[in-house]
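The values are calculated or read from the model by the stated rules, or taken from the named source; none is laboratory data. Please read all numbers here as calculations on a predicted model, not as lab measurements. Positions of Cβ are backbone-derived with ideal geometry, glycine not excepted, and every protein chain shown enters the neighbour counts.
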């Protein structure tokens, strides 16, 4: 990935506020192929990896348009159980570009 790529960072809140438990992390890792498939099938970009810690499991997804990436991912994200505090961060440009946070609501299946 280059610094010119847009970024969608999906941050799923972990149950223990730290690194999650084994089952939780395994479940989220098992979802990675679905996320990668959506991104590749729609030609939106690339799932660059994940990390977990500091209370979140995070996927890093890069492509030429953060809004298109998010729109393509949203149906899959809304089908996943999202704990309170889960969110998506959009960066529409190079490193240092201001980011937008979008909260994922577990109660009504909407985003805000």
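A few remarks follow.
- In segment 1-40, the residues that are crowded, with 18+ Cβ neighbours inside 10 Å, closer than 18 Å to residue 67 by Cα and under 12 Å from the mean Cα position of the chain (by Cα): 7, 8, 9, 10, 11, 35, 39
- Subset of segment 1-16 (residues that are closer than 23 Å to residue 94 by Cβ and assigned to a loop (DSSP other than H, G, I, E, B)): 1, 2, 3, 4, 5
- From the options 109, 93, 43, 85, residue that is closer than 21 Å to residue 26 by Cβ, surrounded by fewer than 18 Cβ atoms within 10 Å (Cβ to Cβ) and at pLDDT below 95: 85
- Residue match in segment 52-63 (condition: in contact with a helix residue (DSSP H, G or I) (Cβ under 9 Å, 6 or more places away or on another chain) and without any contact (Cβ under 8 Å) to a residue 40 or more places away in the chain): yes
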